[in-house]
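The values are calculated or read from the model by the stated rules, or taken from the named source; none is laboratory data. The structure displayed is predicted, hence computed values, not measured ones. Here the Cβ positions follow ideal geometry from the backbone for every residue, glycine too, while neighbour counts run over all protein chains shown. SASA here: full protein model, heavy atoms, side chains in, ligands and nucleic acids out. Shrake-Rupley method; radii C 1.70, N 1.55, O 1.52, S 1.80 Å.
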Amino acid sequence: MKRKWMLIAVMILAIAMVVSLGLVGCKTTTATTAAETTVAEKPASEITIAVVPKALDNAIFLDAKVASEAACKELGINFIWTASEKSDAAQQVTVIEGLIQKKVDGILISCNDADALKDVINKAVDAGIKVATFDSDSPDSKRLFYIGTDNEGFGKQAGEFMKELLPDGGKVAILTGVLGAPNLELRIVGFKKSVEGTNIELLPIQTGEDDVGKSVEVVNQFTAANPDLKGWFFDGGWPYFASPEALKELKLWIDKGGKVVSIDTFQPMLQFVQLGMVDKLIGQNYVKMGNDGVKLLYDAIRGKTIESTNIDTGAEIVDKTNVEEVLKTKTPWE
């Protein structure tokens, strides 16, 4: 009998320990939830989202800046637009480190290099900051979502256009910005897949370092040095931010039958369609990237679930058949 009561006592003690551990676990969970609720319920005026383009000197991000700033104003939250002066992954890491120190609530970034930015993005997320990418992704990081162009799809579309323009094939050159930039690399991958198995011969990739002046110089020099060149694919529209007069060698080559397909449809670039200095433009929607990117980040900060981790902002095709109509929709650049 005595032994029976001892066994009962041991069982009661064990049950008490389990209940006690369960209560401790509940307290910990409750504390965490309370902390998350505090962040989610911060007044809008105390929330800050930072938008980080590849570089401050890259004009293609101006639409994203205007749109993201307007979205922050609409939401009543604080807005930071910051980046390094030039496209440089190491400097971009430093920029993100600074935003972590500032304890911003959200970061929307266009990555110069997916691998180089991965660790600092993860560090920001681990610090409690909601991070998303736009324009150029870091898919292996802990970022919440990517919003922007289907870059490989853009490259494939450019390749299809090039095959139509050069049915007999020929030598084609590719101009890119910074080697290793994930969005640009994907466009090249798509382009190569599209022209594979045709008579199009791809020449060594040329880089303009995400710089308008450098891109113009590279295009003019390479075109002049390769008289048998048949086509150019610009996986970013850098040369078309210069004046038409700056692209003398390209113009002479086009007058002899050269064909160009380029990414982007910003207002300054459309004059080159009118002048016959580019055959097809494939445009990105930076307004949507900036506006929707900020609003989705804000939703995440408020505790809402983001349904998609990859948001395609679509494409706009411009050539001589519709350039006049498209021009009416564009805000003039000064």
Rg and Dmax [Cα atoms of region 180-334; Å; Rg one decimal, Dmax integer]: 17.7, 59
Summarise the long-distance tail of P(r) for region 252-316 by giving the % of C-alpha pairs beyond 15 Å. 63 percent
How much length is gained on full extension from Lys102 to Ile317, taking 0.36 nm per residue of separation minus their Cα-Cα distance? 73.3 nm
Please report the net charge: other residues with Cβ closer than 11 Å to the Cβ of Leu179, K and R +1, D and E -1. -4
Give the aspartates and glutamates reachable from Lys42 as a straight Cα distance under 16 Å; neighbours fewer than 8 places away on the same chain don't count. Asp105, Asp299
Calculated percent of Cα pairs over 27 Å apart (choose from [x] 62; [y] 51; [z] 46), label: [y]
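Could you sort 314-327, 221-234, 100-113 so that the peptide with the highest average Cβ count within 10 Å comes first and the rest follow in order?
100-113, 221-234, 314-327
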Sorted on mean Cβ neighbours within 10 Å (highest first), peptides 266-272, 170-176 come out as 170-176, 266-272
Can you give the extra length, in nm with one decimal, that the chain gains between Ile205 and Lys248 once fully stretched, where that is 0.36 nm per residue apart less the Cα-Cα distance? 13.4 nm
Amide H to amide H, which residues 5 or more places from Leu202 or on other chains are under 5 Å from it, using H placed in the peptide plane? Val172
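Please quote Rg/Rh for region 144-246 to two decimal places, taking the Kirkwood radius as Rh and restricting both calculations to Cα atoms.
Result: Rg/Rh = 0.98.
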At a 1.4 Å probe, what is the % contribution of carbon and sulfur to the accessible area of the chain? 55 percent
Once the piece of chain linking Arg302 and Glu160 is laid out straight, how much longer is it, given 0.36 nm per residue of separation minus the C-alpha distance between them? 46.8 nm
Can you tell which of Ile47, Ile200, Ile306 shows the greatest fluctuation in a Gaussian network model of the chain with Cα springs below 10 Å? Ile306
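Please state the relative contact order of the chain as a whole percent: Cα pairs under 8 Å, 6+ residues apart?
Averaging sequence separation for qualifying contacts and normalising by length gives 17 percent for the chain.
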So what's region 224-290 giving for Rg/Rh, alpha carbon basis, Kirkwood Rh from the mean inverse pair distance? 0.99
Where Lys and Arg each count +1 and Asp and Glu each count -1, what net charge lies around Leu229 among other residues with Cβ under 15 Å from its Cβ? -1
With R₀ set to 35 angstrom, the calculated FRET efficiency between the beta-carbons of Ala127 and Lys86, to the nearest 0.05, is 0.85
Hydrophobic long helices for the chain, i.e. whole DSSP H runs reaching 30 angstrom or more by Cα along the axis with Kyte-Doolittle mean at least -0.5, come out as 2-40
Anchor Lys163: aspartates and glutamates whose Cα lies under 12 Å away (excluding residues fewer than 8 positions away in-chain): Glu196, Glu201
Run the paramagnetic zone check for Asp255: 7 angstrom along Cα to Cβ, then residues of region 314-334 with backbone nitrogen under 16 Å. none
Percent of all alpha-carbon pairs of region 111-155 at distances over 13 Å, whole number, is 52 percent
